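Let me begin by presenting the structure, written as structure tokens, before commenting on it.
Laboratory data are not the source of any read-out in this text; all were calculated from the coordinates shown. It should be emphasised that the depicted structure is a prediction, and the values quoted were computed from it without experimental measurement. Here the Cβ positions follow ideal geometry from the backbone for every residue, glycine too, while neighbour counts run over all protein chains shown.
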Amino acid sequence: MSRTITYREALREALQEALRTDPRVFLMGEDVGEYGGTYAVSKGLLEEFGPERIRDTPLSELGFVGAGVGAALGGMRPVVEVMTVNFSLLALDAIVNTAALYRHMSGGQFSVPVVIRMATGAGRQVAAQHSHSFEGWYAHIPGITIVAPGTVEDARGMLAPALADPDPVLFFEHAQLYNLQGEVPDDCRVDLRSAKVRRAGTDVSLITYGGSLPKTLAAAEELAAAGISAEVVDLRVLRPLDDATVMGSVRKCRRAVVVDEGWRSGSLAAEVMARIVEQAFYDLDAPLARVCSEEVPIPYARHMEEAALPQPAKIVAAVRSLLGAR
Amino acid sequence: MSTHVPAPPTGPVRWDKVFALKLLADMVRIRRMEERCAELYGQQKIRGFLHLYIGEEAVAVGALNALRADDNLVATYREHGHALVRGLSMGSIMAEMYGKQEGCARGRGGSMHLFDRATRLYGGHGIVGGGLPVAVGLALADRMQQRRALTACFFGDGAVAEGAFHESMNLAAVWKLPVLFCCENNLYAMGTAIERYESQPDLCVKASSYSMPATRVDGMDVVAVREATQAAAEFVRDGGGPMFLEFRTYRFRAHSMFDAELYREKTEVEEWKTRGPIHSFTVRLKAQGTLTEAEFVAIDAAAQAEVDEAVAFAEAGTWEPIDELARDLLTPPEQPS
């Protein structure tokens, strides 16, 4: 039986379930305890699990993310909450130079089963320093798995497999999605290797993830009204990419637009497009296209911020341009 | 230069003979191993970065001989000595430096990244300060699982200028975690003298600001190092929270094999060499009749023989097949950690 809850509640339920079932699991980060979580994800968890397992940290991203790595090495299953991806830049050494390298560099002796959660993305008028989308950057790095739930169901279902993963998982929650409502089935466990088709179609593949998924689904709806059948592929795991699902959709629709809130140059969208060219070039009927963020810092003013980000209208326009005469 | 060379340690060594000679032998083993490493580097058997510990041996030997098997060890890229004293075979260390798959990290890490699960050696960290947050987490895991172990984290004076040092010291102190912060102060951050980069060159003053006890130790005196570490380890294990030890020491060789040593006077290096930890310990032991010249010669010969064996082991080692390049990037599903 499915229920309707918010993305935030889904994450909270997933954390509760993990904390209740595995004594090795604990949550740490800035304001996860007394404050209840910056985005209220962990609200109420301190009361249920106590300060040892719901651990407020100093504003020391490098210190506590690195400590999460160490605690994972020491046999715990830490969930480290970095308030936002913007602040994760202060923890890059712990993520990139330590967590991602440990197993390979030690000749397979040490795995790092840490989950690092963070909010990502723009759209709330919080200006340039709080609006980054760096999940595509992180997806460049071997040795870590990158997930970006774009639905309530995945917000509920991706944490358990992330914690079961013996290696580091970075978990990106788009800040615009926390209030999103959606249905969750009783069993929503996700395999962290697979993309998912969210809407079936035949004319064009729209490939996206995370905060751009609702925008892309809205664009597909608008296109449907105009007689264009768009298929929407939710990557949801950004590393490793599920090439099979992407190519299956592209081969069927023969046209593709990639939608990614990252900046265009060197983006995850660029990687997806390169793979399509490598693997499905002769199945294409049109050049590939993408809708990314404009290559500027994200401005504060609402109209300027909207203009900088992928929007349903931009996606619709990109598809129409691709389809030419239609 | 302003580096003050301390007077040599004096006074009786109150250890039993077996223990005293074991620590002497450990220092000699490190020295002989690394002297051979320098030669092998010249022969291009060892490549990449090679950071020698020569001159600083008393720190690893004294400190690690105060630890227990269930304690964790986090070290830097100047960690050959720590790995050896911790119990890795010299052969597995040498093979690692050769890049052979018989090495302690399958040849993946090389000189800077020695790892060993069996002895709880968590690296071998190449980024200055990078190991400190990891050590805090290892200690947190021990605390949360009610283990009475501690985590000994070694780092140089240069790391004290990194944010990672301050974040880790604060975190360990505010959570009262069993971390033993072991600062190997060799007075230079690569080529920059400490008074040129530290607003407060007294590192114990810095450490004390994190509300943890901090002690300065003569890092050229293996007796002082061992006794201070023993006391600190008891304090940390007994739930006293973290502690900071500053070992004043000196590196006799260049920072790495690429270093032309333009930043310090040869006379300074020569002066410190007169305070060499092996020399001064040997003098003390002989003076009190704990060590004979014949025993010293035997210790040295055994170390040389061990080095020969280690080199033979590394030479005979094999290269990891290239088709294993991606092996151990992620944990295989059939063998979860």
*Would you mind giving the mean number of other chain beta-carbons within 10 Å of the Cβ of each residue in A:71-83, as a whole number?*
5
*Given labels modelled 7 Å from the Cα in the Cβ direction, how far is it in nm from residue A:221 to residue B:38?*
7.4 nm
_Treating only the Cβ of Lys, Arg, Asp and Glu as charged (+1, +1, -1, -1), what charge dipole size does the protein assembly as shown show about its Cα centre? Round to the nearest 20 debye._
380 debye
*Cα centroids of the range B:55-109 and the range A:205-263: how far apart, whole angstrom?*
51 Å
*Taking only pairs that are 8 or more places apart or on different chains, how many Lys pairs in the range B:17-315 have Cα atoms under 25 angstrom apart?*
6
_Extension gain (nm, one decimal) between residue B:237 and residue B:316, 0.36 nm per residue minus Cα-Cα_ = 24.2 nm
*Mind checking which helices in chain B clear 27 Å along their axis (Cα) and have mean Kyte-Doolittle hydropathy of -1.0 or more, DSSP H runs only?*
B:17-42, B:293-316
*Summing -39500 (n - 2.57) over the DSSP H runs of n ≥ 4 in chain B and dividing by its residue number, what mean residue ellipticity at 222 nm do you reach, to the nearest 500 deg cm²/dmol?*
-13000 deg cm²/dmol
*May I ask for the distance between the Cα centers of the range A:65-140 and the range B:255-276, given as a whole number of Å?*
40 Å
*asked:* Restricting to DSSP H runs of at least four residues, report the calculated mean residue ellipticity at 222 nm for chain A, -39500 (n - 2.57) per run over all residues, nearest 500 deg cm²/dmol.
replied: -10000 deg cm²/dmol
*Which one of B:136, B:46, B:258 has its Cα pushed farthest toward the positive end of the charge dipole of chain B, where Lys and Arg give +1 and Asp and Glu give -1 at the Cβ?*
B:136
_So the label point goes 7 Å from the Cα of residue B:263 along Cα→C-beta, right? Which residues of the range B:157-178 then have their backbone N under 15 Å from it?_
B:157-162
*Taking +1 at the Cβ of each Lys and Arg and -1 at the Cβ of each Asp and Glu, which of B:217, B:294, A:267 sits farthest along the dipole of the protein assembly as shown towards its positive end, judged by Cα position relative to the Cα centre?*
A:267
_Can you tell me which of A:92, A:235, A:27 moves the most in a GNM of chain A? Springs connect C-alpha atoms under 10 Å apart._
A:92
*Relative contact order computed over the range B:17-315 (Cα-Cα under 8 Å; 6+ residues apart), in percent*: 24 percent
*asked:* Check which residues have an amide H placed less than 5 Å from residue A:209's amide H, if you skip close sequence neighbours.
replied: A:235
*When chain A is modelled as a GNM with alpha-carbon springs shorter than 10 Å, which of A:219, A:200, A:100 fluctuates the most?*
A:200
